[in-house]
Amino acid sequence: MNKIKISFLGASGTVTGSKFYLETPEKNIMIDCGMFQGLKELRVKNWEPLPIDVSNIDYVLLTHGHLDHTGYLPRLVKEGFNGHILGTEPTLSIARTILLDSAKIQEEQAKKANEEGFSKHAPALPFYTIKEAEATISLFSSCEKDEWITLSDQCRFKFKYNGHIIGATFIELEIYKKTFVFSGDIGRLDDELLNPPERPQWADFLFLESTYGNKLHPKEDITEILSQLIVKTIHDQGTLIIPSFAVERLQLLMYILWQLYKKNVIPNIPIFIDSPMGNNVLDVFEQFPNWHKLSPKEYQAMCNHFTIITSYADTWSTIDDKRPKVVIAGSGMVTGGRVLTYLKQLIDEPSTKVLLVGFQAEGTRGRQLLEGAHELKIHGKYYPVKASIHLIESLSAHADQHGLLHWINAIKNIPEKVFLIHGEPTALDAFRVKIKDIKGWDCHIPKLNEVFELWI
């Protein structure tokens, strides 16, 4: 018998901070290494050292590049990790972009906080620096999907296509002939840009995301919502601000708006893309055409339809532009990025419209706006909210409950244990009940820092 020790160091009882650590007699492996986002009580956990000896980790395997799956990596290195960080090529490209962008923002915010004195910390420090992000990136090694990678005599894994964002995978990890499946984030069956996720055929131990474990995506007429908002924006001589995740959501919004224009559903209103990280992700789409549905010709035609902002000076020129316009800017939950500059200047204008697209985690400004906040705190100051707030829920890159159940329906065996992760408590419990009712599987909802021991 061999002991496998599993530590749930994130995305346990909450959506973000994905970190799952497996200690085996041969190799020690961490699956994902993300930052906590949202509620302050979660964010402060990012600053706490992990309750493990980081120097013992041999490999980090990344399901995909999002910050809540990769953003803790530089801290891991700072704490003593010096192993290998493995992912698909587009995942590592996305992670590289996100880590460098995140480090730059953190350095800038710390500098601004120290200059303007709005931080409780003296001095305010970045969570990690650009230099630390670069040291982390030097540990990256890419792997092909669908190929078994041997880590030791009794340990091997492969990455399997999972939709969600470009490069995203689920992981099949085989240890002593037992199959551990880590779902990562599961994509949608009907994604405009990406193919449907592949599905695992066998799982002895299943680690299953549950972000939308209690919800079905609404049947919304996205064409109708967008076209009406744009017509109203033109009528009011205002600005439609769409906070967007730089990875996938931005490209999807571009594709939908481009299609609406081509079909004469919306007029030729100026549309500005203001997301330096999003621009880099557009390059990843160009670099890896086999990972998405757009042909190189379609991709170029789409990009040519938009004004892509590259400098901060152009951000201010766009704010000063009096024409009715659409601005798509990071970040998707309004937690940082260029969208804050636009909101500080325009959110007190009744002619401004803010369109939220996708999941807004607890504790984020996006959730506050969604819940009717009359003011928004940005960089230590309060800004009155006079803009109208709108929502499209159905653009999420996550599978809903139906999609999650479809994904696990391909599993031919009955797993020995299912661990439900990446969800808020109500979603996790509802999904646990649903799986028990439909499949009869034994589901467990791990708590943060819980340790689970298996003998195999």
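The values are calculated or read from the model by the stated rules, or taken from the named source; none is laboratory data. Just so it is clear, the model here is predicted, and its values are computed rather than measured. Here Cβ is always computed from backbone atoms with ideal geometry, including for glycine, and neighbour counts include all displayed protein chains. The accessibility values were calculated without ligands, DNA or RNA, using every heavy atom of the protein model including side chains. Shrake-Rupley method; radii C 1.70, N 1.55, O 1.52, S 1.80 Å.
Points worth noting:
- Residue among Ile166, Ile94, Ile57, Ile149 that alone is open to solvent by less than 10 Å² (accessible area, probe 1.4 Å), more than 18 Å from the chain's Cα centre (by Cα) and at pLDDT 95 or above: Ile57
- If the condition is being open to solvent by less than 40 Å² (accessible area, probe 1.4 Å) and either assigned to a strand (DSSP E or B) or of a type in the set (Asp, Glu) (or both), then region 355-364 contributes Leu355, Leu356, Val357.
- Of all residues in region 177-226 being acidic (Asp, Glu) and outside any loop (DSSP other than H, G, I, E, B), the one that is nearest to Leu22 (Cα to Cα): Glu209
- Residue count for region 327-340 under the criterion of being out of contact with any strand residue (DSSP E or B) (no Cβ under 8 Å at 6 or more places or on another chain) and of a type in the set (Val, Ile, Thr): the result is 1.
- All of (1) modelled with pLDDT under 90; (2) open to solvent by less than 20 Å² (accessible area, probe 1.4 Å); (3) under 28 Å from Glu198 (Cα atoms) hold for Asn280 with one exception: (2).
- Of everything in region 365-423 that is assigned to a helix (DSSP H, G or I) and among the polar types (S, T, N, Q), the residue that is farthest from Leu226 (Cα to Cα) is Gln401.
- Which listed residue, of Ile175, Ile225, Ile186, is surrounded by fewer than 23 Cβ atoms within 10 Å (Cβ to Cβ) and of a type in the set (Val, Ile, Thr): Ile225
- The residue that is most open to solvent (accessible area, probe 1.4 Å), counting only those in region 200-222 that are over 27 Å from Ser7 (Cβ atoms) and charged (D, E, K, R), is Lys219.
- Number of positions in region 283-326 that are open to solvent by less than 70 Å² (accessible area, probe 1.4 Å), of a type outside the set (Ser, Thr, Tyr), in contact with a Phe, Trp or Tyr (Cβ under 7 Å, 6 or more places away or on another chain) and assigned to a helix (DSSP H, G or I): 3
- Residues located in region 369-382, provided they are within 27 Å of the chain's Cα centre (by Cα) and either farther than 16 Å from Val357 by Cβ or of a type in the set (Val, Ile, Thr) (or both): Glu371, Gly372, Ala373, Glu375, Leu376, Lys377, Ile378, His379, Gly380
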